[in-house]
Amino acid sequence: MQDHTAWINTLATHDKWSLSSWLNPSEATYGIKHVYDHVGLKGYSGKFDERIIDLIRGSKDVLYVEKDTMMYANELQRNAPWGLARVSHRKRLTFKDFNKYDYDENAAGEGIKVYVIDTGINVNHVDFEGRATWGATIPTGDEDEDGNGHGSHCAGTIAGKRYGVAKKAEPVAVKVLRSNGSGTTSDVVQGVEWATLTHQKAAEAAKKSGAKFKGSVANMSLGGGKSRSLEMAVNGAVDAGVVFAVAAGNDNADACNVSPAAAENAITVGASTLSDDRAYFSNYGTCVDVFAPGLNIESIWRGSKYATNTISGTSMASPHVAGLAAYLLSTLEQDASPKQIKDLILSLATKNVLTDIGRGSPNLLINNGYANDFRDLFKDTFAGDY
């Protein structure tokens, strides 16, 4: 790949582009912006004129070229963390169990880092109890803070003391979307790569020291048009050992037509309601793996260490699954691969309780398995190599 990018730089020189694009992306106009050496994706992004794009497309080194499109936070609108109660009860919620969340508080995600690839996290919020950290800010010139609230809301559902599924997990902010809730696919791919490489370094460090390392989780509650690059990056992250939850999208359409929802190795999550319907906005279809609460979900917000907000979207559903993945990883006695965790989540899900799920969708609603010891299910069903 070095020879190819050197060739691109030669073309840039001949066209009198600013070569600072290679060394200083913040000053770039035309040229290479990001170089990806991800386990699932080797490539680069940048700004080029049509002549250079044609030359790149015709190179024998290049598999495909796609336009760098915009990605958006998959959230909708607004009113109680009923979602936590729903993921720990098999039957439809009643007034008796409406606010009751049953879980194993001895683990609850302890020691598991969850990379929240989004708008950032309000890391100083009291509900995180000091467990949230800032990992990376990808958009050039952006600040290390959540100016939107979307990422903080997702992180709260994953790991907040009051609002979280995995109340002892450690959310890590990977900012790829700006304060308006949008960003480029290339920045999102770089965020996925950062999370993957950070996970690999942590796993390697634990191996060298002999420390216990149970894995990592990532959540991506965003989406846009189809992007082969983004799907390859997500699939590569899973292959590298990261359990990945992604939002199905809010277009009331086939999730297979948007990315990263179509990434086959991820856990793609549709949104359900308190009355166990598919949420009116939720995407559906064969690319959806499971549904989770996504309508009127209360969680953490930006602006102060006490701020909260109630909003809706598949963005709110996906963090329930990411939190459940962290919860399961921390609680299981033996190591588990991302595929084993995905299969366990689908096996634990409550079957055939949802209505209007959409053509091709699975009738599965996530459940944490607390009522029935999921550890026995894991031992009995998933003991083989994956």
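Before moving on, here are some points about what is shown:
- Cysteines in the chain that, by Cβ-Cβ distance, have no pairing candidate under 4.7 Å: 154
- A crude spin-label estimate for the pair residue 54 and residue 212, with each label 7 Å from Cα along the Cβ direction, gives 6.1 nm.
- For the chain, the antiparallel share of DSSP beta bridges with both residues in that region comes to about 40%.
- Hydrodynamic radius by Kirkwood, which averages 1/r over all alpha carbon pairs of region 162-246, in angstrom: 14.1
- Between residue 277 and residue 1, the modelled labels are 4.7 nm apart [label points 7 Å from Cα along Cα→Cβ].
- Using a Förster distance of 22 Å, the FRET efficiency for residue 359-residue 70 (Cβ separation, nearest 0.05): 0.20
- Counted residue by residue at 0.36 nm each, then reduced by the alpha carbon distance between them, the extension gain from residue 257 to residue 197 reaches 18.8 nm.
- The HN-Hα couplings worked out from phi for region 309-318 by the Karplus form 6.51 cos²θ - 1.76 cosθ + 1.60 (θ = phi - 60°) are 7, 10, 9, 10, x, 5, 4, 7, 6, 4 Hz, whole numbers, x standing for Gly and Pro.
- For region 301-308, backbone phi angles converted through the Karplus equation (6.51, -1.76, 1.60; θ = phi - 60°) give residue-by-residue couplings of 9, 8, x, 7, 7, 10, 5, 9 Hz, Gly and Pro being listed as x.
- Estimated from helices alone, the mean residue ellipticity of the chain at 222 nm is -9000 deg cm²/dmol (sum of -39500 (n - 2.57) over DSSP H runs with n ≥ 4, per residue).
- Under the convention that each Lys and Arg Cβ holds +1 and each Asp and Glu Cβ holds -1, the size of the dipole of the chain around its Cα centre is about 560 debye.
- In the structure shown, the pairs 42/342; 33/175; 226/342 are assessed against 19 Å; a Cα-Cα span above that value is assigned to 42/342; 226/342.
- In the chain, taking the dipole from charged Cβ atoms about the Cα centre, the farthest positive-side position among 329, 348, 194 is held by 348.
- Placing pseudo-labels 7 Å out from each Cα toward the beta carbon at residue 106 and residue 42 gives an inter-label distance of 4.7 nm.
- Per-selection Rg to Rh, the chain - Cα, Kirkwood hydrodynamic radius: 0.99
Coordinate-derived values only; no laboratory data. None of these values were measured; they are calculated from a predicted model. Using ideal geometry, Cβ is built from the backbone for each residue, glycine included, and neighbour counts are taken over all protein chains shown.
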